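Here the structure is laid out as structure tokens; the discussion comes afterwards.
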């Protein structure tokens, strides 16, 4: 296993203390190279993951988020399940004031899917 594969395999979503809890501010993160595999066909699915949140006590550590999202690349998982899992993991880890996760999937077979989960 190469060092990057090992880092992805061992990835754990991490948070950092928000040092600016006196302010409500919005964080927007785009991850344009998300991949997973169709659970039925095994074909790869590609998406841009968009995360928008207003932190409370914690913010996400970005490298851990990148590695966490890369863990999906070899998983057989539906669009809906992947976005809901990402949303739930961020919600549990960060306990944000607001959170929205959008999976904007690349068309395949003439079908385009956008999944949006919000708090």
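Worth a mention:
- Order of 20, 79 - criterion: other Cβ atoms within 10 Å of each residue's Cβ, fewest first: 20, 79
- Between helix 79-94 and the chain: long-axis angle, C-alpha atoms, 0 to 90°, nearest 10: 20 degrees
- Alpha carbon centroid spacing (whole Å) that separates segment 83-119 from segment 1-47: 11 Å
- Ordering 119, 65 from the fewest to the most neighbouring beta carbons within 10 Å gives 119, 65.
- Mean Cβ neighbour count within 10 Å, used as a protection proxy, ranking 2-14, 38-50 highest first: 38-50, 2-14
Every number in this text was worked out from the coordinates using simple rules, so none of it is lab data. In this text the structure is predicted, and so the values were computed from the model without any measurement. Every residue, glycine as well, gets a Cβ built from its backbone with ideal geometry; the counts of neighbours run over all protein chains shown.
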